[in-house]
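Structure first, commentary second.
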Amino acid sequence: MNQLSEQPLVDRATGGKGGGGAVLTRYGQRLIQLYDLLAQIQQKAFDVLSDDDALPLDSLLAAISRFSLQTSARNQWFGTITGRDRQQVQQHVEVLLADGKTRLNVAITAQSAEKLGLDEGQEVLVPAQSAMGRHHPRSRSSPPGR
(Lines give C-alpha, C1' and ligand atoms only; values in the text may rest on other atoms or scores of the structure.)
Protein backbone atom coordinates (compact mmCIF):
# COMPACT_ATOMS: atom_id res chain seq x y z
CA MET A 1 0.00 0.00 0.00
CA ASN A 2 2.82 2.40 0.81
CA GLN A 3 4.11 2.10 -2.77
CA LEU A 4 0.79 3.30 -4.19
CA SER A 5 0.57 6.37 -1.96
CA GLU A 6 2.32 9.75 -1.98
CA GLN A 7 3.08 9.29 1.70
CA PRO A 8 3.44 6.13 3.82
CA LEU A 9 0.12 4.74 5.03
CA VAL A 10 1.48 2.02 7.31
CA ASP A 11 4.51 1.91 9.61
CA ARG A 12 5.95 -1.58 9.99
CA ALA A 13 8.00 -2.85 12.89
CA THR A 14 9.88 -6.15 12.64
CA GLY A 15 10.88 -8.56 15.38
CA GLY A 16 10.81 -7.71 19.04
CA LYS A 17 8.99 -9.33 21.93
CA GLY A 18 5.56 -9.14 20.29
CA GLY A 19 6.85 -10.16 16.88
CA GLY A 20 6.56 -6.76 15.24
CA GLY A 21 3.44 -5.44 13.59
CA ALA A 22 2.02 -2.58 11.59
CA VAL A 23 0.20 0.62 12.52
CA LEU A 24 -1.47 3.26 10.40
CA THR A 25 0.43 6.52 10.00
CA ARG A 26 -1.34 9.81 10.65
CA TYR A 27 -1.70 10.15 6.86
CA GLY A 28 -3.24 6.67 6.68
CA GLN A 29 -5.74 7.53 9.43
CA ARG A 30 -6.72 10.75 7.65
CA LEU A 31 -7.12 8.88 4.36
CA ILE A 32 -9.63 6.53 6.00
CA GLN A 33 -11.50 9.51 7.50
CA LEU A 34 -11.61 11.14 4.06
CA TYR A 35 -12.92 7.94 2.50
CA ASP A 36 -15.73 7.82 5.10
CA LEU A 37 -16.63 11.48 4.39
CA LEU A 38 -16.66 10.85 0.64
CA ALA A 39 -19.00 7.89 1.15
CA GLN A 40 -21.39 10.15 3.13
CA ILE A 41 -21.23 12.86 0.45
CA GLN A 42 -21.88 10.30 -2.26
CA GLN A 43 -24.95 9.00 -0.41
CA LYS A 44 -26.32 12.55 0.00
CA ALA A 45 -25.76 13.15 -3.72
CA PHE A 46 -27.69 9.98 -4.60
CA ASP A 47 -30.51 11.05 -2.24
CA VAL A 48 -30.71 14.49 -3.90
CA LEU A 49 -30.61 12.96 -7.36
CA SER A 50 -33.64 10.79 -6.63
CA ASP A 51 -35.57 13.61 -4.90
CA ASP A 52 -35.03 16.62 -7.16
CA ASP A 53 -35.41 16.68 -10.94
CA ALA A 54 -34.52 20.39 -10.96
CA LEU A 55 -30.95 19.88 -9.75
CA PRO A 56 -28.57 21.22 -12.42
CA LEU A 57 -25.80 18.63 -12.68
CA ASP A 58 -23.58 20.80 -14.89
CA SER A 59 -22.63 23.04 -11.95
CA LEU A 60 -20.41 21.91 -9.08
CA LEU A 61 -21.67 24.81 -6.93
CA ALA A 62 -25.30 23.84 -7.48
CA ALA A 63 -24.72 20.16 -6.81
CA ILE A 64 -22.69 20.64 -3.63
CA SER A 65 -24.79 23.42 -2.15
CA ARG A 66 -28.02 21.48 -2.69
CA PHE A 67 -27.00 18.91 -0.08
CA SER A 68 -24.52 20.81 2.06
CA LEU A 69 -25.85 24.35 2.48
CA GLN A 70 -28.50 24.77 5.14
CA THR A 71 -30.59 27.91 4.75
CA SER A 72 -34.02 29.07 5.80
CA ALA A 73 -34.60 30.82 2.47
CA ARG A 74 -37.04 28.84 0.35
CA ASN A 75 -36.25 30.85 -2.76
CA GLN A 76 -32.80 30.03 -4.08
CA TRP A 77 -31.42 30.44 -7.57
CA PHE A 78 -28.20 29.31 -9.19
CA GLY A 79 -26.63 31.54 -11.80
CA THR A 80 -23.60 33.32 -13.17
CA ILE A 81 -22.62 36.92 -12.50
CA THR A 82 -22.88 38.98 -15.69
CA GLY A 83 -22.32 42.47 -14.26
CA ARG A 84 -21.49 44.48 -11.15
CA ASP A 85 -21.72 48.27 -10.89
CA ARG A 86 -19.04 48.72 -8.13
CA GLN A 87 -20.67 51.69 -6.39
CA GLN A 88 -19.05 52.74 -3.10
CA VAL A 89 -21.76 51.73 -0.61
CA GLN A 90 -24.48 49.61 -2.23
CA GLN A 91 -23.73 47.69 -5.38
CA HIS A 92 -25.96 45.91 -7.84
CA VAL A 93 -24.92 42.56 -9.23
CA GLU A 94 -26.65 41.11 -12.27
CA VAL A 95 -27.02 37.32 -12.25
CA LEU A 96 -28.03 35.22 -15.26
CA LEU A 97 -29.92 32.23 -13.89
CA ALA A 98 -29.26 28.63 -14.89
CA ASP A 99 -32.17 28.71 -17.38
CA GLY A 100 -30.05 31.06 -19.53
CA LYS A 101 -32.90 33.59 -19.86
CA THR A 102 -33.85 34.98 -16.47
CA ARG A 103 -31.76 37.74 -14.91
CA LEU A 104 -31.75 38.91 -11.30
CA ASN A 105 -30.50 42.31 -10.20
CA VAL A 106 -29.24 41.83 -6.65
CA ALA A 107 -28.43 44.66 -4.22
CA ILE A 108 -25.48 43.99 -1.91
CA THR A 109 -23.15 46.14 0.16
CA ALA A 110 -19.80 46.92 -1.44
CA GLN A 111 -18.07 45.39 1.59
CA SER A 112 -19.98 42.11 1.17
CA ALA A 113 -19.34 42.01 -2.58
CA GLU A 114 -15.60 42.42 -1.96
CA LYS A 115 -15.58 39.86 0.86
CA LEU A 116 -17.32 37.32 -1.40
CA GLY A 117 -15.02 38.19 -4.32
CA LEU A 118 -17.92 38.67 -6.72
CA ASP A 119 -16.77 39.03 -10.34
CA GLU A 120 -18.22 38.46 -13.78
CA GLY A 121 -18.33 34.82 -14.81
CA GLN A 122 -18.49 33.53 -11.23
CA GLU A 123 -21.16 30.97 -10.32
CA VAL A 124 -23.31 32.02 -7.37
CA LEU A 125 -26.22 30.85 -5.28
CA VAL A 126 -28.70 33.67 -4.63
CA PRO A 127 -30.95 33.01 -1.60
CA ALA A 128 -33.83 35.39 -0.87
CA GLN A 129 -36.71 35.70 1.53
CA SER A 130 -39.95 36.20 -0.39
CA ALA A 131 -40.67 39.48 1.40
CA MET A 132 -37.33 40.90 0.21
CA GLY A 133 -37.98 40.69 -3.52
CA ARG A 134 -39.45 43.29 -5.87
CA HIS A 135 -40.24 42.90 -9.53
CA HIS A 136 -38.89 45.67 -11.76
CA PRO A 137 -39.19 44.94 -15.47
CA ARG A 138 -36.48 46.68 -17.50
CA SER A 139 -35.14 46.67 -20.98
CA ARG A 140 -32.11 44.58 -21.92
CA SER A 141 -30.13 47.75 -22.60
CA SER A 142 -30.38 49.00 -19.00
CA PRO A 143 -27.14 48.57 -17.04
CA PRO A 144 -27.12 46.67 -13.72
CA GLY A 145 -28.63 48.74 -10.91
CA ARG A 146 -30.89 50.82 -13.14
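Test Gln29 against the criterion of being under 30 Å from Val95 (Cα atoms), out of contact with any helix residue (DSSP H, G or I) (no Cβ under 9 Å at 6 or more places or on another chain) and at pLDDT 80 or above, and give yes or no.
no
Please list, ordered by first then second residue, the pairs with beta carbon atoms under 8 Å, 6 or more apart or interchain, first in region 1-26 and surrounded by 10 or more Cβ atoms within 10 Å (Cβ to Cβ), second aromatic (Phe, Trp, Tyr).
Going by the 8 Å Cβ cut-off, the qualifying pairs are Ser5/Tyr27; Gln7/Tyr27; Pro8/Tyr27; Leu9/Tyr27.
Would you check which residues across region 68-97 are of a type in the set (A, V, I, L, M, F, W, C), surrounded by fewer than 18 Cβ atoms within 10 Å (Cβ to Cβ) and modelled with pLDDT under 90 and list them? It would help to see each step written out before you state the result.
From region 68-97, those of a type in the set (A, V, I, L, M, F, W, C) are 69, 73, 77-78, 81, 89, 93, 95-97; that's our starting set.
The next check asks that each one be surrounded by fewer than 18 Cβ atoms within 10 Å (Cβ to Cβ); those that pass are 69, 73, 77, 89, 96-97.
Leu69, Ala73, Trp77 - these are the residues of region 68-97 that are of a type in the set (A, V, I, L, M, F, W, C), surrounded by fewer than 18 Cβ atoms within 10 Å (Cβ to Cβ) and modelled with pLDDT under 90.
The values are calculated or read from the model by the stated rules, or taken from the named source; none is laboratory data. The structure displayed is predicted, hence computed values, not measured ones. Here the Cβ is made from the backbone with ideal geometry for all residues, glycine too, and neighbour counts use every protein chain on show.
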